Structures are given as C-alpha cells and as structure tokens.
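Heads up, the thing below is written out as structure tokens.
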Amino acid sequence: MTPLGSQLAGPDSTVLIVHMPGRVTDEHVGPIREEVRSRLPRVDGAGLVLDFAGTELINSIGITCLLSIEEDCRSRGVRVVIAALPAGVSNFLRQLKLTGRFQIVSSVDDALASLGV
C-alpha cells in the first residue's frame, strides 16, 4: 500500500505535490490535512497537486477531506489539481457529481504543466 508523502516542486518551490496513500479513509484524513496545512507554501501563486496514482480506495470521509482541502485552498487563492486518478476513484467522484469541482489530469507532469511549472 502506498504511504502518504509529499514534495515541493517548481523553480520557487511553490507547488506542493501530495502523494496520496493507498487508502483515503477515516484513519488517513488527519495526516492528509496536516500534510497540506503544514507544507503548502503560503505565497502568491502556490499550487497543490494531489497525486492519486497509488490510491486504491476512497470513502465518503476521504471525499469530505478532499472537499475541505479544496475549499481551504480556494479561499487562499491556491489552485488544486488532481493527478492520476484511478478509474474506481474517478467513478466514485462521478457518481457523487464532483468531477466538475476539481481539475483532473492524467499525470503529475500534466498537473505541474497546468499550474505553469
């Protein structure tokens, strides 16, 4: 199972890439929120990439976590991009009619490019 991790990217390290865990469920939402809260740069032009490449499952609590992160980022002017969303997770977001709420791209490289990095 993929562990949670993150790294800063871009010439000024203004984009946080969070490598989401294998399961985005109740026990993982606290660490995900803390990772974003503590590592996301507090500068103009900051961006957040949520890399779902290693994620196998997301539940309703995980969805609530995503929505909370997206709202916090939007209020700060931070763009959020979801990368490498597996089909099962994508289908779940589609069923909840949430795919329009997020910018979703096929890879982290595409996400960085969409953020101008």
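Condition (residue is small (Gly, Ala, Ser), without any contact (Cβ under 8 Å) to a residue 60 or more places away in the chain and within 27 Å of Lys97 (Cβ to Cβ)) applied to segment 37-51: is it met by at least one residue? No, every residue in segment 37-51 fails to be small (Gly, Ala, Ser), without any contact (Cβ under 8 Å) to a residue 60 or more places away in the chain and within 27 Å of Lys97 (Cβ to Cβ).
Okay, residues lined up against (1) of a type outside the set (Lys, Arg); (2) over 26 Å from Asp12 (Cα atoms); (3) surrounded by 15 or more Cβ atoms within 10 Å (Cβ to Cβ):
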{"residue": "Ile32", "(1), (2), (3)": "yes, no, yes"}
{"residue": "Ser38", "(1), (2), (3)": "yes, no, no"}
{"residue": "Val43", "(1), (2), (3)": "yes, no, no"}
{"residue": "Asp72", "(1), (2), (3)": "yes, no, yes"}
{"residue": "Arg76", "(1), (2), (3)": "no, no, no"}
{"residue": "Gly88", "(1), (2), (3)": "yes, yes, no"}
{"residue": "Leu93", "(1), (2), (3)": "yes, yes, yes"}
{"residue": "Ala111", "(1), (2), (3)": "yes, no, yes"}
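Values in this text are rule-based calculations from the coordinates and carry no lab data. Everything numeric in this text was worked out from a predicted model, so none of it was measured. When we count neighbours, we look across all protein chains shown, and the Cβ atoms used for this are built from the backbone with ideal geometry, even at glycine.
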